[in-house]
Amino acid sequence: MSADEIEDSAAPLVEHLVELRQRLIRALIAVAVVFVIAFIFADQIFQVLVIPYERAAGENQNLTLIFTAPQEYFFAQLKIALFTALFVAFPVIATQIYKFMAPGLYKNERSAFLPFLFATPVLFFMGASLVFWVVMPLAMTFFLSMQVQGDSVRTTIELLPKVSEYLGLIMTLIFAFGLVFQMPVVISLLARAGMVSEQGLKNKRKYAVVLTFIAAAVLTPPDPVSQIGLAVPTLLLYELSIYATRLIERKRAEQEAEAA
């Protein structure tokens with residue numbers, strides 16, 4: 001390659017880097033703005049996150065959450081603000097990524113990519129909703145059932161969760177379910193690229209079952225409610241991914257037949 005060719009190729013690279021920098025700055029600004037607002041309302045957001053615990057304990061129960069270090073609740077508020085910022089600002093982040101990639105895509109590729117851009121936050125929200133309304137209340141009911149109270153016992157065992165531990169539990173579950181619910185998006189993109197097939201996914205179904213329960217054991221707390229609550233939707237999403245792959249392969253076959 002000559003020196004002139006190197007100079008010509010360097011200019012577009014610098015332009016792409018400048019644009020990437022601008023996109024990252026816009027995404028970070030969106031995260032920072034939401035972070036500040038969420039930190040101001042961190043107490044109110046935490047009250048919302050406690051709703052699954054309230055549903056498990058009963059509406060008339062007075063809940064007590066504790067913190068054992070002076071700085072613990074402050075750091076919990078920072079985690080709440082960052083969690084909310086990433087959740088709320090994700091559409092902005094995804095839009096900036098798409099706008100950076102769009103000029104390098106063909107028109108049909110851009111039209112094919114947009115549904116996945118829309119499906120990603122929707123599926124994440126579905127996973128988070130499943131945690132909030134089903135899995136977390138069931139898990140807290142399981143943990144509360146392990147208390148030992150009454151007149152016939154000499155030692156009372158009562159659940160007094162720490163603020164940071166409860167927050168870490170619900171945030172871990174929300175992120176775990178949100179990421180797992182991206183499976184149809186990831187597999188559909190791989191199918192469009194020709195890297196996976198319907199028959200291949202069917203042949204690997206038994207391995208998927210084993211890996212699903214291993215992942216559920218790693219990503220969730222060591223209780224059967226959370227693990228089964230993650231494993232069952234994951235297997236259903238795997239079957240949905242097989243169906244989506246079938247539709248993609250059928251459409252590709254029709255396009256190839258028309259081209260021939």
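The values are calculated or read from the model by the stated rules, or taken from the named source; none is laboratory data. Remember, it's a predicted structure, so these values are computed and weren't measured experimentally. Every residue, glycine as well, gets a Cβ built from its backbone with ideal geometry; the counts of neighbours run over all protein chains shown.
Laid out as a table, the results:
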read-out: Selected residue (only one of 247, 236, 190 is of a type in the set (A, V, I, L, M, F, W, C), assigned to a helix (DSSP H, G or I) and modelled with pLDDT under 90); value: 190
read-out: Lone unmet requirement of (1) under 30 Å from residue 134 (Cα atoms); (2) out of contact with any Leu (no Cβ under 6 Å at 6 or more places or on another chain); (3) of a type in the set (A, V, I, L, M) for residue 259; value: (1)
read-out: Breaking point among (1) part of a helix (DSSP H, G or I); (2) more than 17 Å from residue 211 (Cβ to Cβ), for residue 221; value: (1)
read-out: Residue pairs meeting the criteria (Cβ under 6 Å; at least 6 apart or on separate chains; first more than 17 Å from residue 91 (Cβ to Cβ), in region 16-39; second buried (at least 16 other Cβ atoms within 10 Å of the Cβ)); value: 39/81
read-out: Options 122, 135, 92, 31: the member that is loosely packed, with under 14 Cβ neighbours inside 10 Å and within 19 Å of the chain's Cα centre (by Cα); value: 122
read-out: Qualifying residues in region 198-243 (those that are surrounded by fewer than 16 Cβ atoms within 10 Å (Cβ to Cβ) and of a type in the set (Gly, Ala, Ser)) - the one farthest from residue 176 (Cα to Cα); value: 200
read-out: Selection status of residue 171, surrounded by fewer than 19 Cβ atoms within 10 Å (Cβ to Cβ), of a type in the set (A, V, I, L, M), modelled with pLDDT of 90 or more and closer than 18 Å to residue 52 by Cα; value: yes
read-out: Qualifying residue in region 202-214 (condition: out of contact with any Cys (no Cβ under 6 Å at 6 or more places or on another chain), closer than 30 Å to residue 56 by Cα and of a type in the set (S, T, N, Q)); value: yes
read-out: Residue in region 69-79 that is more than 20 Å from residue 128 (Cβ to Cβ), exposed (fewer than 10 other Cβ atoms within 10 Å of the Cβ) and at pLDDT below 95 present; value: yes
